[in-house]
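Single-structure report; data block below.
Values quoted throughout were computed directly from the atomic coordinates according to the rules given, and no laboratory measurement underlies them. In this text, all values refer to a predicted model and were calculated from it rather than measured experimentally. As a convention, Cβ positions derive from the backbone with ideal geometry for all residues, glycine included, and neighbour counts pool all protein chains shown.
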Ligand code: GLU
């Protein structure tokens, strides 16, 4: 959800960073994590804040603020997206960087965690202004990112074109083509087939596993919050395998039809009118109501902190598959657990994007590119394994799936930190 949702949910008092740290603290206690390791992991390894002058199309100069946070490089280079959004803060980027560390660990890919963000509203900027902003940001980061140190990727409001500009600017700075510096690139410049759909595809693999474990067969009803890259493609893929999409939303509105609608037609409508709202074959509902409609599966695919103590009691879904990062507040987690809702946590449910980013990086390093079917099969293999490991640990520990995923992830990262040692 965009700014309007943020304004409506302003009441929340916990910042994403406090929330992320709190999640780590809870698990650290549960696994008896050594105090020194815990303290290290509570803090990022490196933070860069940079002020970015951009000549706007009207001739005026505007200075934007950008951040890149490298939370951990214990298991490999930092990895994580770059987001362009008016709500970006350093605290948000810190949280997102920490979540990337756990995400890469839980699916077992050889990366640490990082994240970047620029406080801006790209919806009000021209392509020219976005390009200048991107190039300036990349220039500021040129000595801190790289194929073997920190590898950005797309996130909210960024896309393959923006990744191509980043790669180009970095390559100019270094004096040689460095395709491995970012992932999520266009196919023509070293991208991977399947990367664009990967977050949604991974989320659908996880959801299908969850349905299977709960013994739910046949057609189910799905609601999706957010109609960006993750949300709309998740809706499309769920529809393709025979499920009914009953509600979707974006920053400007939400729609509902208990009989279902075709998500591709809704996407085309959004392309024409810039929003899903007013789609003719559905009823218009409040944008937050999408979380509360009658459905079996809820896919929050917008921003963090959407499912709160207030709306969690009203959620009717049996499964919540977190395509967004950090959509569920810790108090809401407790309420959903009591209601026996299976929450597939973000670090698992949306890991498909970074898994295929990893494939893109591997393919680029080897200069040997795979068929899309190979990408998708290998993604499925990794998602199924991570899902099953997490689900089994959840049962064994009699806990929820988020705690189980964190237990696996934090343990892996802490081991790497410990083996490498603390002193330079
Ligand atoms: N932005 C995505 C995420 O939050 C992808 C990150 C990546 O591919 O590095 O997982």
Per the range 209-311, sqrt(5λ) over the Cα gyration tensor eigenvalues, sorted largest first, in Å, gives 20, 16, 12
Pseudo-spin-label distance residue 422 to residue 217, built 7 Å along Cα→Cβ, given in nm, is 5.5
Checked the range 69-205 with the C-alpha gyration tensor, a ≥ b ≥ c its square-rooted eigenvalues, rounded below a/c of 1.5, otherwise prolate if a/b is larger than b/c and oblate if not; verdict rounded
Between residue 240 and residue 309, Cβ-based FRET efficiency (R0 25 Å, step 0.05) works out to 0.10
Residue span residue 126 to residue 56: 0.36 nm per residue of separation minus Cα-Cα distance leaves a gain in nm of 24.3 nm
Contour minus Cα-Cα span, residue 32 to residue 385, at 0.36 nm per residue, comes to 124.5 nm
Ranked output for segments 321-332, 25-36, 58-69, 396-407 by mean other Cβ atoms within 10 Å, highest leading, reads 321-332, 396-407, 58-69, 25-36
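Work the Kirkwood hydrodynamic radius out for the range 349-419: mean of 1/r over every pair of different alpha-carbon atoms, inverted, in Å.
On the way: mean 1/r = 0.0723 Å⁻¹.
It is 13.8 Å.
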Rounded to the angstrom and largest first, Cα extents along the principal axes for the chain equal 56, 55, 46
Most exposed to least, judged by fewest other Cβ atoms within 10 Å, 126, 15 sort to 126, 15
So, with points 7 Å from each Cα along the Cβ direction, the residue 48-residue 271 label distance in nm works out to 3.6
Per-residue ellipticity at 222 nm attributable to helices in the chain (runs of n ≥ 4 DSSP H, -39500 (n - 2.57) apiece, nearest 500 deg cm²/dmol) works out to -14000 deg cm²/dmol
per DSSP, antiparallel bridges as share of beta bridges in the chain, % nearest 5, sits at 50
Placing each pseudo-label 7 Å from Cα in the direction of the beta carbon, residue 294 and residue 63 end up separated by a distance in nanometres of 5.6
Per the rule of 0.36 nm per residue minus the C-alpha distance, extending residue 283 to residue 316 adds in nm 10.0 nm
